[in-house]
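Every number here is computed from the coordinates shown, using simple stated rules; none is lab data. This one's a predicted model, so the numbers in the text were calculated from it and none came from an experiment. Counting neighbours? That spans all protein chains shown, and the Cβs are built from the backbone with ideal geometry, glycine included.
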Amino acid sequence: MATFNEAVKRWTGTINEWYGIDARPAEVENAFNVLKDYRDAKDEPDEEPYIETFFKDHNNEWCTGLDTVDREHLAGLVEDLRKIRTQTS
């Protein structure tokens, strides 16, 4: 599969193709970290973590593809984080 950085670059390309938001890899990585923190807080202790299920393969390597929900979440978070950044600048 891919390293985390390679996956982020592919996720960025996918998000830009679908939504045309001109995201940069650093923005997508930041959005992923926000999503990961949120999902980690919601995961049940006896279940496989969300990130392990939807962002990694059975070999624990990063997937470069995104499902619809995760693509939408990451794109939305990129835009939300941009708004927050401009409000605090």
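Close amide-amide hydrogen proximity is noted between Ala2 and Trp62, each under 5 Å apart and 5 or more residues distant or on a separate chain (H modeled in the peptide plane; Pro and chain starts excluded). Rounded to the nearest 10 degrees, the inclination of helix 4-19 to the longest alpha-carbon principal axis of the chain is 50 degrees. Computed from Cα atoms, the angle from the helix 25-42 axis to the main principal axis of the chain rounds to 50 degrees. The relative contact order of the chain comes to 42 percent, based on Cα pairs under 8 Å that sit 6 or more residues apart. Expressed as an acute angle from 0 to 90° and rounded to the nearest 10, what is the orientation of the C-alpha long axis of helix 68-88 relative to the principal long axis of the chain? Helix 68-88 sits at roughly 40 degrees to that axis. Distant-in-sequence amide contacts of Leu66, defined by a placed amide H-H separation under 5 Å and a gap of 5 or more residues or a different chain, comprise nothing.
Here is the list for segment 1-82: GluC sites (Glu not before Pro) lying in DSSP coil, each with at most 12 other C-beta atoms within 10 angstrom of its C-beta, are Glu47. Helix-derived [θ] at 222 nm for the chain: sum -39500 (n - 2.57) over DSSP H runs of at least 4, divide by residue count, nearest 500? Only helices count here, giving -22000 deg cm²/dmol. Considering all C-alpha pairs of the chain, those separated by over 22 Å amount to 25%. The aspartates and glutamates whose alpha-carbon is closer than 14 Å to the alpha-carbon of Lys83, local same-chain residues fewer than 8 away aside, are Glu27.
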